[in-house]
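Report on one structure; see the data block that follows.
The values are calculated or read from the model by the stated rules, or taken from the named source; none is laboratory data. For clarity, every value in this text was computed on a predicted model and none was experimentally measured. Neighbour counts run over all protein chains shown; Cβ positions are idealised from the backbone, glycine included.
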Amino acid sequence: MRIARILSSCCILVLTVTSSITSVHAQNTSSSAPTSSPQPGVNKNYANLLTYSMWFYEALRSGKLPSNNRVSWRHDSGLQDGQDHNVDLTGGYYDAGDYLKFTLPLAHSLALISWGGIEWYDGYTKANQASYLHDTVRWGTDWLMKAHPDSNTLYVQVGSGDIDNNYWGPDTGIPTPRPSYFINNTATGTDVAAMTAAALASASYLFANLANDTNYANQLSSAAQSVFALAETQPFHVYTDSVPAADGLYQTNTYMPQLVYGALWMYKATGNSTYRDKASNYFDQFSLGASTVSPMDWSDPTGAVYVLGAELDNSNTKYATAAKRWLDTMTNPSAPKAPCVFTNGGMLWCDGYSNSNSMVPLQDTSLLALLYSRLDSSKSQQYTDFATKQIDYMLGNNYMLTPYVCGVHANSPHNPHHAGASGGTDINNINTSPAEELHILYGAIVGGPNKDDIFYDERNDWSQTEVALDYNAPFQGLMAYQISTNASDPPYVSITDPRPYVSRSHGLAGWLIAVIVIVILFILAGIGYFAWLKREALRRRFGKNKEYAYAA
Ligand SMILES: *[C@@H]1O[C@H](CO)[C@@H](O)[C@H](O)[C@H]1NC(C)=O
């Protein structure tokens, strides 16, 4: 039995024979692909990618959906959110393929989307996506303002992990109750309040200076100032100290870089130098310039602090120095204490981070590299080379011949871990029920391949196929950059071969194990048979004498 199982599961790379052209269209698509209509001369593939990514954010919307909702399989949902505390917490976004709402990753994502939008707004304009950018940010910031109903309160979570994580199904059956959780000026949440200020302030800058909506920008700025004051309320704590419900879901280990990040965005939005000085003082107080280099993500914006500080406070060389150290360490595996390496396929891989979503450190580092390259001509070439190579990896220049974006190519991931898109209702059979995703989740970035550059495309493998607000946030800026700089076609455009199929026990290892097991069994069988023959022969010849001898 055991040998049979090993044999049947041991395979080397086997090319599938499925058609590479038809499989994307073979999926049942009750919601049609968003249409992109870029301006003349604009790369239509990058315009498509940006358009699809905007559509993905629509697919994560919660609350009463507007009449221009493009995602036919999404319905009004979460309409009682906040009722347990008599506040209106309807709207906003679900964090991933489930139905929980979290303030921290949302705020982090909105700040990154706004940042990329501010820097490469022309990319959005060229792709005719600027109005979608405004709507996407606003859908999030409207909710953040609801989550901050008074100066002493910030709601940080809606829905319970224990309840929601036991549900797999459409948005029409979201389990209740959906408790809401908040921090305030006694049960503080420094990290989440400061990150919320960063989101509101960055959006305020976007609406004031690029979208030309002064009224909304002012509203955002007031809310940002209020929530930043809450962030500065002592004692400082990470919010999970006050809201254990978020433990293990979106838990940070620090509030220090968030305070600096919030203050820097406040300075950018208001021009008030008090915030610039607060940022600088917190930076020194927390010795952020000397931090060990680690990837930037929703839990730790340190890398983003360096780059934003270098832009906004350029007389203070500490930010630029730290930004260069961070980027040079992140992108060079032989740098002292480098936290990342490159896989054989060329993907930036940061142990402990990439394992649960390899496309995230790749994208966040690339985004910061591109943002910093605008500030420092001496580093520009090096950092843009790094980032464009990583973008190319992500968009098909990899062993799997796969762009890690749903719905753009036959080899795109077919099984993103998203309950609503899958059409499934059986939490015990996420992979097989149904076998084929019911709705294509256009534009969703999936977790990504493993350290061997291998991607299995299995719906229940959340580390590879999960989708989330924060996975697409850097993608927005990366695509706007590519459009803005007239990048040539993404690699997947010229891929016609299907994605190589890899079995779970992949590669030579499986063969070797089977061969070794078989050889050992033959040897054991041989020894056993030889011993048995020997014993029989001995017994036949000397058996009686032996018994006699013992008796004597
Ligand atoms: C905002 O105003 C500027 C200057 O008047 C203009 O060039 C730009 O197109 C406007 N942007 C939008 C989104 O309307």
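Condition first: within 16 Å of the ligand (Cβ to nearest atom) and surrounded by 16 or more Cβ atoms within 10 Å (Cβ to Cβ). Now tell me which residues in segment 193-212 satisfy that.
Ala203, Ser204, Tyr205, Leu206, Phe207, Ala208, Leu210, Ala211
Checking Gly248 against (1) at positive phi; (2) within 16 Å of the ligand (Cβ to nearest atom), which single condition isn't satisfied?
Answer for Gly248: the failing condition is (2).
From the list Thr233, Thr190, pick out the single residue that is within 25 Å of the chain's Cα centre (by Cα) and away from the ligand (no atom under 16 Å from the Cβ).
When all the criteria are applied, what remains is Thr190.
Residue-wise test of (1) in contact with a Ser or Thr (Cβ under 7 Å, 6 or more places away or on another chain); (2) in contact (Cβ under 8 Å) with a residue 24 or more places away in the chain; (3) not acidic (Asp, Glu).
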residue: Phe286; (1), (2), (3): no, yes, yes
residue: Thr292; (1), (2), (3): no, yes, yes
residue: Ser299; (1), (2), (3): yes, yes, yes
residue: Leu308; (1), (2), (3): no, yes, yes
residue: Leu312; (1), (2), (3): no, yes, yes
residue: Arg325; (1), (2), (3): no, yes, yes
residue: Asp328; (1), (2), (3): no, no, no
residue: Pro336; (1), (2), (3): no, no, yes
residue: Trp349; (1), (2), (3): yes, yes, yes
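Report whether or not Ala304 is touching a residue at least 12 places away in the same chain (Cβ under 8 Å), assigned to a loop (DSSP other than H, G, I, E, B) and surrounded by 15 or more Cβ atoms within 10 Å (Cβ to Cβ).
The answer is no for Ala304.
Using the structure shown, decide if Val260 is in a loop (DSSP other than H, G, I, E, B), more than 25 Å from Tyr181 (Cβ to Cβ), at pLDDT 95 or above and not hydroxyl-bearing (Ser, Thr, Tyr).
No, not satisfied.
State which residue is farthest from Phe455 (Cα to Cα) when the search covers only segment 342-392 and only residues that are among the aliphatic types (A, V, I, L, M) and not in a helix (DSSP H, G or I).
Looking at residues that are among the aliphatic types (A, V, I, L, M) and not in a helix (DSSP H, G or I), I get Leu375.
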